[in-house]
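Scroll down for the structure; my scribbles are underneath it.
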Amino acid sequence: MNKSNISNEIIDQLKVIVGENNFIDDVKNMNAYLSDWRNHFSGISPLILKPTSTKIVSEILAICNKNSVQVVPQGGNTGLVGGSVPSASGDEVIISLEKMNTILDIDPVNYTMTVEAGCILSNIQDTALKKNRIFPLSLAAEGSCQIGGNLATNAGGTGVLHYGNAKELVLGLEVVLADGSIINSLKQLRKDNTGYDVKQLFMGSEGTLGIITKAVIKLFPVTENNVSSILALPNIESTVNALANLRVKTGDSITAFEYMDKNCIDLLMKQLKVNDIFNKKYNHYALVELSSSRKGDNLLALLEDAISNSIESGDIIDAIVASNESQSVQFWNFRESLPDLLKTNGDFVTFDISVPISKLKELIEKAEKICAQLPLNLKSYIFGHIGDGNLHYYLFNSEEEFSNEFFKIKDKIKSSLYDLTMQLDGSYSAEHGIGQAKKSELKKYCSQSEIELMQLIKKTLDPKNIMNPGKVL
């Protein structure tokens, strides 16, 4: 067991509450819970608890609050800012929701599903499909991330253009507060104008205000047909113009518009050992998808007409429309493989930023100028959900430069690009959250009145600061 200031008596009480086989106290079996996906953050914990019900979560928090024991709520631990990782103090108990993974109800008539927080996102998607419905939240980590974590971090993903972020897909929540109180608001209503919308407090709070234990989520009609295409574009301005034209020509049928630059495509072709997408290389690419729940819609004709229109205007150079479902899956595999491939591509600094779509051209052009003025020869890889203005911007150290020199200027790089993003009315954390990684940015860019309000909310709901300490604020 790790050295901890938490008494053995309290540890034993917590073990009794969750029951045998529902805790880990052997450090040899804790690795998966103590580090983040990128291995940028790690910590230690004396105890990992795996409650099986809301009542048990309530009892755990009541004891922890009474004894000022700090807790770290954890879902699938797939976050990218260290929000679900304990500190190095050894004084934080991890509460994993993985065993609370039951789909409690599905109402296809009301287009809702009620789930426990530990349900894996892909399992929710599959269950909805069996009832001829879809849950549209889609992430690269959907095979391991949990819905409670998705909601606590207000996850984005590839469907935001059409369906919105995670918080827009929720009708009701059950939450356990720091003192063990249970807030039960599992309403299946789309209209409920009865005072403050309390559930919104907990979506995006990253477990600092309470633990989400259940949720009522929205379902949508199943897509009867869809079509995907990879576009080659001359520049960023044309990419934005092509998106605008597609939205005009296809209306609400466009469900995704994902951007990848030349460096990303070159990496994919090399690592996945596939041939180039087109007969020649281009500098800018976009993966577009149209979907419809209407069987009679001819999406292929709709997409081809929109592409032809943009080719005539010069905004699209070339395009390949998926000829079958297998090719469409391959296109999406390109996009979804990028995070894992980049993770092992060398030393990097990464940005999860967003600006209004109309300012993407200015963001990328000015970012390139900033990087060109830096003392090192850096290589950028840019991809992301350009349909909602969210870019993932990776800067890699060149092979010729020493890693320690690169790490010396990491903070300068971050400061420069975040300053630029904020000047363009953007966000320094579009979808990944604050966690441990971006607390200094929150302090720098958030107004004092906003910070004071967040602190007031935190103090009111968690006066002893036991909920995910050291995160966000």
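Within the bounds of segment 365-380, is there any residue that is small (G, A, S) and under 27 Å from V81 (Cβ atoms)?
yes
Which one of these is touching an Asp or Glu at 6+ places or on another chain (Cβ under 8 Å) and either hydrophobic (A, V, I, L, M, F, W, C) or part of a strand (DSSP E or B) (or both): L129, L173, L104, L137?
Numbers: L129 fails: touching an Asp or Glu at 6+ places or on another chain (Cβ under 8 Å); L173 fails: touching an Asp or Glu at 6+ places or on another chain (Cβ under 8 Å); L137 fails: touching an Asp or Glu at 6+ places or on another chain (Cβ under 8 Å).
Just one listed residue meets the conditions, L104.
Out of K439, K464, I need the residue that is basic (K, R) and touching a residue at least 60 places away in the same chain (Cβ under 8 Å). Which one? Lay out the reasoning, then the answer.
Working: K439 fails: touching a residue at least 60 places away in the same chain (Cβ under 8 Å).
Only one candidate qualifies: K464.
Confirm whether A430 is of a type in the set (A, V, I, L, M) and in contact with a strand residue (DSSP E or B) (Cβ under 6 Å, 6 or more places away or on another chain).
Working: of a type in the set (A, V, I, L, M): yes; in contact with a strand residue (DSSP E or B) (Cβ under 6 Å, 6 or more places away or on another chain): yes.
Here the answer is yes, as A430 does meet what is asked.
Can we say V222 is closer than 30 Å to N132 by Cα and under 25 Å from the mean Cα position of the chain (by Cα)? Steps first, please.
Working: closer than 30 Å to N132 by Cα: yes; under 25 Å from the mean Cα position of the chain (by Cα): yes.
The answer is yes for V222.
Test of understanding: among A215, A178, A155, which residue is surrounded by 21 or more Cβ atoms within 10 Å (Cβ to Cβ), small (G, A, S) and farther than 30 Å from E258 by Cα? Lay out the reasoning, then the answer.
Numbers: A215 fails: farther than 30 Å from E258 by Cα; A155 fails: farther than 30 Å from E258 by Cα.
Result of the check over A215, A178, A155: A178.
In the list N283, N279, N275, which residue meets the criterion of being outside the structural domain of F383 (by TED's automatic domain parsing), at negative phi and out of contact with any helix residue (DSSP H, G or I) (no Cβ under 9 Å at 6 or more places or on another chain)?
On the way: N283 fails: out of contact with any helix residue (DSSP H, G or I) (no Cβ under 9 Å at 6 or more places or on another chain); N275 fails: out of contact with any helix residue (DSSP H, G or I) (no Cβ under 9 Å at 6 or more places or on another chain).
Criteria check complete, one pass: N279.
Which of the residues that make up segment 76-100 are closer than 26 Å to N123 by Cβ, of a type in the set (V, I, T) and outside any loop (DSSP other than H, G, I, E, B)?
Across segment 76-100, the qualifying residues are I94, I95.
Answer with yes or no whether I94 is at pLDDT 95 or above and either surrounded by fewer than 17 Cβ atoms within 10 Å (Cβ to Cβ) or within 12 Å of F220 (Cα to Cα) (or both).
Details: at pLDDT 95 or above: yes; either surrounded by fewer than 17 Cβ atoms within 10 Å (Cβ to Cβ) or within 12 Å of F220 (Cα to Cα) (or both): no.
Here the answer is no, as I94 does not meet what is asked.
Filter segment 371-386 for residues that are over 20 Å from G433 (Cα atoms), among the aliphatic types (A, V, I, L, M) and surrounded by 15 or more Cβ atoms within 10 Å (Cβ to Cβ); which is modelled with the lowest pLDDT?
Initially, segment 371-386 is screened for residues over 20 Å from G433 (Cα atoms), giving 371-381.
Add one more test, that the residue is among the aliphatic types (A, V, I, L, M), and what stays is 372, 374, 376, 378.
Adding the requirement that they be surrounded by 15 or more Cβ atoms within 10 Å (Cβ to Cβ) leaves 376, 378.
On the way: L376: 82, L378: 88.
So, considering only residues that are over 20 Å from G433 (Cα atoms), among the aliphatic types (A, V, I, L, M) and surrounded by 15 or more Cβ atoms within 10 Å (Cβ to Cβ), the one modelled with the lowest pLDDT is L376.
Report the residue count in segment 341-362 for those that are without any contact (Cβ under 8 Å) to a residue 60 or more places away in the chain and surrounded by fewer than 18 Cβ atoms within 10 Å (Cβ to Cβ).
Total meeting the criteria: 2.
On the basis of being under 30 Å from N345 (Cβ atoms) and either free of Cβ contacts under 8 Å to residues at least 40 places away in the same chain or not aromatic (F, W, Y) (or both), does K262 make the cut? Walk me through it before giving the result.
Numbers: under 30 Å from N345 (Cβ atoms): yes; either free of Cβ contacts under 8 Å to residues at least 40 places away in the same chain or not aromatic (F, W, Y) (or both): yes.
Here the answer is yes, as K262 does meet what is asked.
Hey, among V57, V16, which residue is assigned to a helix (DSSP H, G or I) and without any contact (Cβ under 8 Å) to a residue 40 or more places away in the chain?
V16
When the residues of segment 149-164 are narrowed to those that are among the aliphatic types (A, V, I, L, M) and over 19 Å from D252 (Cα atoms), which ends up nearest to the chain's Cα centre (by Cα)? Show your work before the answer.
The first filter runs over segment 149-164 and keeps only residues among the aliphatic types (A, V, I, L, M), leaving 151-152, 155, 160-161.
Narrowing the set further to residues that are over 19 Å from D252 (Cα atoms) leaves 151-152, 155.
Values: L151: 10, A152: 10, A155: 4 Å.
Only one residue fits best here, namely A155.
Considering only residues that are more than 18 Å from M203 (Cβ to Cβ) and under 13 Å from the mean Cα position of the chain (by Cα), which ones fall in segment 104-140?
Keep residues of segment 104-140 that are more than 18 Å from M203 (Cβ to Cβ), which gives 104-111, 120, 122-123, 125-134, 140.
A140 - this is the single residue of segment 104-140 that is more than 18 Å from M203 (Cβ to Cβ) and under 13 Å from the mean Cα position of the chain (by Cα).
May I ask you to list the residues in segment 408-442 that are closer than 18 Å to H392 by Cβ and of a type in the set (K, R)? Explain how you work it out, then say what you get.
So in segment 408-442, the residues closer than 18 Å to H392 by Cβ come out as 410, 413-414, 416-418, 420-422, 424, 426-435, 437-438, 441.
Within segment 408-442, K410, K414, K438 qualify.
Being more than 23 Å from G83 (Cα to Cα) and either part of a strand (DSSP E or B) or without any contact (Cβ under 8 Å) to a residue 40 or more places away in the chain (or both) is the requirement here; does E450 meet it?
On the way: more than 23 Å from G83 (Cα to Cα): no; either part of a strand (DSSP E or B) or without any contact (Cβ under 8 Å) to a residue 40 or more places away in the chain (or both): yes.
Against the criterion (more than 23 Å from G83 (Cα to Cα) and either part of a strand (DSSP E or B) or without any contact (Cβ under 8 Å) to a residue 40 or more places away in the chain (or both)), E450 does not qualify.
What are the residues in segment 7-62 that are of a type in the set (V, I, T), buried (at least 20 other Cβ atoms within 10 Å of the Cβ) and in contact with a strand residue (DSSP E or B) (Cβ under 8 Å, 6 or more places away or on another chain), if any?
Looking only at segment 7-62, we keep the residues that are of a type in the set (V, I, T), and these are 10-11, 16-18, 24, 27, 44, 48, 52, 54, 56-57, 60.
In the following step, the residues that additionally are buried (at least 20 other Cβ atoms within 10 Å of the Cβ) were identified as 18, 48, 56-57, 60.
V18, I48, V57, I60, listed by residue number.
The values are calculated or read from the model by the stated rules, or taken from the named source; none is laboratory data. Model, not experiment: these values are computed from the prediction. All Cβ positions, glycine included, derive from the backbone under ideal geometry; neighbour counts span all protein chains shown.
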